[in-house]
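No lab work stands behind these numbers, since they all come straight from the coordinates. Since we're looking at a predicted model, the values are computed, not measured. With ideal geometry, Cβ positions are generated from the backbone for all residues, glycine too; neighbour counts draw on all protein chains shown.
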Amino acid sequence: MTSTASGEATGIPPQTDVQRRVLAVLVASQILSGAGLAAGVTVGALLAEDMLGSTDLAGLPSALFTAGSALAAVAVGRISQSRGRRPGLAAGYVAGAIGSAGVIVAAAVHNPVLLFVSLFVYGAGVATNLQARYAGADLASPAHRARAVSSVLVATTLGGVVGPNLAAPTGHLAESLQLPALTGPFMLGGVAYALAALVLVVWLRPDPLLLARKLDLQERAAEATAVEAEQKAPDEAGTTQASASAGARAGAAASRRGSGLMLGSLTMILTQLVMVSIMTMTPVHMHDHGHGTAAAGLVIAVHVGSMYLPSPLTGWLVDRFGRIAVAGASGVTLLVAGLVAAVAPGDSVVLLALALGLLGLGWNFGLVSGTAMITDAVPLATRAKTQGTVDVAIAIAGATGGLASGLVVSAASYPVLALTGGVLSLAILPAIAASARAR
């Protein structure tokens with residue numbers, strides 16, 4: 001009651017204080033989960049290459065944990081839909097921790113089948129890390145929705161940048177425990193995912209999605225009361241005109257929702273496909289040119305930092321200049337990233353880091369703008385389920401990119417992979433043009 005009264009007195013929405021708390025808790029969990037997210041990216045392909053003795057399936061780990069993230073996206077979305085964000089996100093992080101433990105055991109006993117199964121389960125942490133961005137937008141106003149999403153995404157930066165740079169130290173720790181050095185980052189990832197789940201279970205109260213639904217129902221009830229009062233007014237012609245106007249507005253809103261859902265989904269699917277395919281094979285490409293784990297970890301750290309660190313700026317750009325403009329910028333940025341990666345000498349850590357930095361930035365543009373489009377387009381009643389379904393498609397795109405990347409490099413070369421991914425990202429532009437015509 002006090003919070004509501006204070007909000008009404010100052011003109012600030014009653015949920016503002018709750019939104020600040022929600023964002024603070026999500027930021028804390030994302031910092032932790034970022035370390036878990038980066039572990040598999042950094043050494044997953046190298047671990048598979050060591051166990052299989054071939055680069056042909058080096059992209060399989062990325063494909064597996066992105067495929068696992070597809071299944072997890074459905075589960076997290078459905079749990080969130082029925083019970084709220086807190087149990088959905090916490091369950092996803094717990095599954096990620098279990099997958100990390102499985103990878104360690106598989107490497108210790110040199111069992112490729114267990115490794116691949118565990119990487120699939122590990123993908124739940126990847127999906128949950130991305131699903132958390134939706135929780136940040138549940139209580140945000142439409143004008144500040146992209147910035148709320150970006151606040152959650154940027155928190156992943158700290159863990160995501162620190163995680164890869166701990167590849168060598170955690171590798172030494174693993175060796176001291178008589179485990180393969182490449183299991184070290186997964187040890188870090190398992191602990192980080194478990195702690196992220198604990199933070200959410202204890203402190204994400206009230207649940208943002210459940211509260212948003214409650215506030216939405218209250219708003220709809222107030223609107224229904226206003227409409228009923230209007231219908232009882234004596235001016236029957238005015239009432240008919242108002243009803244027709246309301247119907248036209250509803251039809252226009254439905255049209256915008258449909259186009260926003262399709263374009264937002266396509267933007268995130270394409271950016272994920274391109275980003276994962278190039279990112280997955282970069283550590284392998286560097287390894288083949290004599291670079292060690294520390295150098296690969298540095299490049300991936302730059303990449304992960306670029307994926308999340310620009311989020312506040314991206315959120316402001318999306319809210320200021322529109323979702324479509326930033327979506328278009330993502331396609332152009334990914335093209336430049338592919339070109340730089342294609343022409344960079346294999347022994348140039350600087351140019352590869354630049355390419356992966358641009359790759360992460362293009363992905364960030366696509367994710368923030370696409371998330372805002374989808375959140376705008378989907379009503380609260382079905383929001384979590386739809387968001388989970390969209391993230392399934394994103395995860396499948398990532399799995400496809402990860403699996404195909406190893407085959408392309410084996411059949412052709414890393415520059416061919418990078419160039420192909422960059423050109424493919426331009427498919428966003430005709431989709432934007434088609435969406436503009438539909439409006």
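Summary of computed values
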quantity: Listed residues THR157, THR225, THR400, most fluctuating in the chain (Gaussian network, C-alpha, under 10 Å); calculated: THR225
quantity: Listed residue (SER29, VAL340, LEU64) projecting farthest to the positive dipole end of the chain, Cβ model; calculated: SER29
quantity: Sequence of VAL76, VAL423, VAL121 once ranked by neighbouring C-beta atoms within 10 Å, starting from the fewest; calculated: VAL423, VAL121, VAL76
quantity: Inter-site label distance for SER410 and ALA427 at 7 Å from Cα along Cβ, in nm; calculated: 2.3
quantity: Selection from THR420, GLY297, ILE432, by position along the positive dipole direction of the chain (Cβ); calculated: ILE432
quantity: FRET E, pair ALA393, VAL113, Förster distance 35 Å, beta-carbon r, rounded to 0.05; calculated: 0.80
quantity: Computed E for VAL105/ALA222 - FRET, C-beta separation, R0 51 angstrom, nearest 0.05; calculated: 0.35
quantity: Relative contact order for the chain, counting Cα pairs under 8 Å that sit 6 or more residues apart, in percent; calculated: 25
quantity: Helix-only CD estimate at 222 nm, as mean residue ellipticity for the chain, using -39500 (n - 2.57) per DSSP H run (n ≥ 4); calculated: -29500 deg cm²/dmol
quantity: For TRP363, TRP316, order by how many other beta-carbon atoms lie within 10 Å, fewest first; calculated: TRP316, TRP363
quantity: Per-residue Cβ neighbour rank within 10 angstrom, fewest leading, SER369, SER150; calculated: SER150, SER369
quantity: Point-to-point label distance, SER348-ARG21, nm (Cα→Cβ direction, 7 Å offset); calculated: 5.2
quantity: Dipole magnitude (debye, nearest 20) for the chain, charges at Cβ of Lys, Arg, Asp, Glu; calculated: 780
quantity: Listed residue (TYR193, ILE269, ILE374) projecting farthest to the positive dipole end of the chain, Cβ model; calculated: ILE374
